[in-house]
Amino acid sequence: MRILGISSIFLLTACILSFSLTGAVNAQSAQVPLSVETNLPEGVGYSDGIELIISGEVRDSSLAKNPTPIILRIISADGSTIVGLAQVNLDSNNSYSYSLTAGGPLWKVSGDYTIKAQYGAQKGEATFVYNLSTPEPTPEPEPVPDPVVVEEPVAVVVEEPVAVVVAEPEPEPEPEPMCGEGTMLKDGKCVAAEEKGGGCLIATAAYGSEMAPQVQFLREIRDGKIMATESGTAFMTGFNQFYYSFSPAVADYERENPMFKEAVKVTLTPLLTSLAILNYVDIDTEQEMLGYGIGVILLNIGMYFVAPAVLTISVKKRLFLKK
């Protein structure tokens with residue numbers, strides 16, 4: 001009987017421990033690896049001027065020894081435009097938060113906008129509703145009647161008629177355009193500006209800081225030369241769609257592999273040299289922007305593709321002749 005009682009107590013203890021461990025595992029697996037949330041409840045839409053707060057947390061920060069920012073991308077309802085881009089660092093609780101103002105020249109359609117977050121290999125996604133606002137037309141002022149001259153007859157003294165003039169209302173000043181996140185007001189128009197935490201991710205990871213001279217040089221060429229014209233702005237919009245589809249992964253690999261980081265520095269040197277040409281020319285028209293831009297692109301194609309191919313063919317011919 002004593003042995004039977006001890007065996008019963010042991011089996012009961014094992015069942016309780018097994019149930020506790022199973023519940024803990026299920027509770028942990030219920031949490032997503034990278035959560036993405038917005039500040040408004042589901043079903044409530046955003047409009048121009050409303051603050052959009054994006055927040056969430058990482059379940060397991062496996063990159064704690066090498067701090068890595070979370071890459072946030074906001075994509076329009078039709079999926080053709082990135083209307084917002086940011087890098088956000090985690091706090092001590094593995095949480096993050098980022099805010100911006102909804103609306104702007106890139107927010108051109110209404111519908112479900114998508115927020116894509118990436119932290120190393122972990123990815124998260126959320127959607128929110130944006131309603132495009134249409135400005136109400138300004139009513140035209142009512143026409144002012146002509147001045148009325150009233151003559152009052154006097155028995156003895158004849159006074160000159162008094163003219164009653166109604167002052168015209170002053171015209172209302174035109175409202176200044178409201179520029180959304182990622183844009184700034186320049187010459188009365190909203191133009192694209194550098195995002196908070198945005199920029200060249202690959203160059204920043206290669207040179208170690210956004211304040212590095214090479215990174216600042218790329219930023220000055222983009223803002224002072226390319227973005228100064230409409231064709232340059234259109235080019236950068238299309239280029240950003242392609243560039244930010246792979247640059248976060250390349251930047252993460254640079255931080256993890258010092259050898260690859262040094263190889264990227266060597267690869268960027270011809271590009272920086274060719275872009276330096278734009279500092280010595282004046283670009284004032286769309287034609288000049290297209291001419292110099294196409295010239296720099298062809299120069300880089302020659303340095304990165306044509307020259308290595310010609311060198312490889314020449315070496316092979318010499319080795320074949322020696323044989």
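The values are calculated or read from the model by the stated rules, or taken from the named source; none is laboratory data. Keep in mind that what you see is a predicted model, and the values were worked out from it rather than measured. Counting neighbours? That spans all protein chains shown, and the Cβs are built from the backbone with ideal geometry, glycine included.
You will find that of 264, 315, the residue that is aliphatic (A, V, I, L, M) and surrounded by 14 or more Cβ atoms within 10 Å (Cβ to Cβ) is 264 and no other.
Tell me, please, whether a residue that is part of a loop (DSSP other than H, G, I, E, B) and either at pLDDT 85 or above or surrounded by 13 or more Cβ atoms within 10 Å (Cβ to Cβ) (or both) can be found in region 132-147. Among the residues of region 132-147, at least one is part of a loop (DSSP other than H, G, I, E, B) and either at pLDDT 85 or above or surrounded by 13 or more Cβ atoms within 10 Å (Cβ to Cβ) (or both), which makes the answer yes.
Taking the numbered list (1) at pLDDT 85 or above; (2) aliphatic (A, V, I, L, M); (3) over 19 Å from the mean Cα position of the chain (by Cα) in turn, residue 106 passes all entries but (3). Residue 203 satisfies every condition listed in (1) at pLDDT 80 or above; (2) out of contact with any helix residue (DSSP H, G or I) (no Cβ under 7 Å at 6 or more places or on another chain) except (2).
Criterion applied to 267, 285 was being more than 21 Å from the chain's Cα centre (by Cα) and within 25 Å of residue 120 (Cα to Cα), and the one residue passing it is 267. One residue is enough: does region 224-246 have a residue meeting the conditions surrounded by 14 or more Cβ atoms within 10 Å (Cβ to Cβ) and of a type in the set (D, E, K, R)? There is at least one residue in region 224-246 that is surrounded by 14 or more Cβ atoms within 10 Å (Cβ to Cβ) and of a type in the set (D, E, K, R). Quick one: is residue 79 assigned by TED's automatic domain parsing to the domain that holds residue 40, of a type outside the set (A, V, I, L, M, F, W, C) and not in a strand (DSSP E or B)? So residue 79 passes the test.
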